[in-house]
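Below is one structure, written out as structure tokens; comments come after it.
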Amino acid sequence: MAEEFDFKVGVLACNGIGRLVSTITRMAGNRIKELRPNEVVLLSSGALIVKDSENLALFEKYPVLVIDGCRPHCASFLCDELGKKAAAKIYVADVMAENKINVGGEKRRGLTAKGEKLVEALAQKAVAEIDRLIADEMMSTL
Amino acid sequence: MAGKVCLQPCLGLRKESVLCRQAFYVVHEDLRPDTTVLGCGPALNANVQEDVDFINTYPVIAVEACDKDCATKLVAKKGQRAARTLRVTEMAKALGIDLASLPEGQNIDTSDPAVQTLAAHLAGVVDEMLK
């Protein structure tokens, strides 16, 4: 529905490297883009950290969904640092708890079915938020 | 110097970033676990103490997926200078890695020859820096 209106949501996943959840957020970003190719812009945390103009323009243009992997909430920190209030936030641990997914034994270098289940749950939650945000944007213009 | 090297990837979204990330896992977990630490960019930016300590304690290899040089700039933003800045595209060319054959928007298995080749090269860079 967003295609003809050019309403999009910027997805800012932490996309770190240190923990299993780093891989989960990165893979979820890819899955979200698969599910909503025309409604989503994936934002690069690395590029935003150094205020790359191309990424910064997208960050500023669209409402932003933040996905935090681990406790420091680095994606939220980055969003705050850049002076924007996130339109929505998702924390991976909440999705794990809501879906009762155990990823014990998974490796950050590559996921098995257990990890992919969490990726899918995270992506589905994100897509629901994205659909809500786009509907909200669209309604505000009618 | 402390006998270790901090591996700092750019952590972008393109496949060159994924290749770098996967190669760093191989270096840190398989090839040089005792002489490397793995620096997380978003955590460093958020002043997570472990990551701040990494760049303040060890020389940094920043590996970049493109010419934006985000990892190098992040280290500078936090008051340090990367000891080496390496670019995936240049290393791939020198090592005969066919970047065009790698998938975009997917993970790259750490057993992939491209990952293993890049990791072996980066392990050599670590050794050279610690001589």
- Pairs only if they're at least six apart or on different chains, beta carbon under 8 angstrom, first in the range A:4-23 and within 12 Å of chain B (Cβ to nearest Cβ), second buried (at least 24 other Cβ atoms within 10 Å of the Cβ) and basic (Lys, Arg); list them, first residue then second. A:Ala13/A:Arg26; A:Asn15/A:Arg26; A:Ile17/B:Arg21
- Task: Within the range B:107-131, count every residue that is aliphatic (A, V, I, L, M), away from chain A (no Cβ under 14 Å) and more than 13 Å from the chain's Cα centre (by Cα).
- Result: 3
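Each row is one residue, and each column tells you yes or no for (1) among the aliphatic types (A, V, I, L, M); (2) at pLDDT 95 or above.
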position	(1), (2)
B:Glu64	no, yes
B:Arg87	no, yes
B:Gln106	no, no
B:Ala114	yes, yes
B:Thr117	no, yes
B:Val125	yes, yes
B:Met129	yes, yes
- Every residue from the range B:42-85 that is closer than 14 Å to B:Gly12 by Cβ and acidic (Asp, Glu): B:Glu64, B:Asp67, B:Asp69
- Quick one: how many residues across the range B:42-62 are of a type in the set (Gly, Ala, Ser) and either part of a helix (DSSP H, G or I) or at the interface with chain A (Cβ under 10 Å from one of its Cβ atoms) (or both)? 2
- Note on the structure: Checking B:Lys73, B:Lys93 in turn, the sole residue that is charged (D, E, K, R), assigned to a helix (DSSP H, G or I) and within 14 Å of chain A (Cβ to nearest Cβ) turns out to be B:Lys73
- May I ask you to list pairs of residues, at least six apart or on different chains, whose Cβ atoms are under 9 Å apart, with the first in the range B:23-41 being at the interface with chain A (Cβ under 9 Å from one of its Cβ atoms) and buried (at least 18 other Cβ atoms within 10 Å of the Cβ) and the second being assigned to a loop (DSSP other than H, G, I, E, B) and of a type in the set (D, E, K, R)? B:Tyr25/A:Arg108; B:Tyr25/A:Arg109; B:Val26/A:Arg109; B:Cys40/A:Arg19
- Message: Restricting to the range A:121-142, count the residues that are under 16 Å from A:Gly69 (Cβ atoms) and out of contact with any Ser or Thr (no Cβ under 8 Å at 6 or more places or on another chain).
- Response: 4
- Item | Subset of the range A:33-61 that is crowded, with 16+ Cβ neighbours inside 10 Å and in a loop (DSSP other than H, G, I, E, B) - its residue that is farthest from the other protein chains (Cβ to nearest Cβ) | A:Glu39
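The values are calculated or read from the model by the stated rules, or taken from the named source; none is laboratory data. All figures in this text were calculated on a predicted structure; none of them were measured in a lab. Every residue, glycine among them, receives a Cβ derived from its backbone with ideal geometry; neighbour counts consider all protein chains shown.
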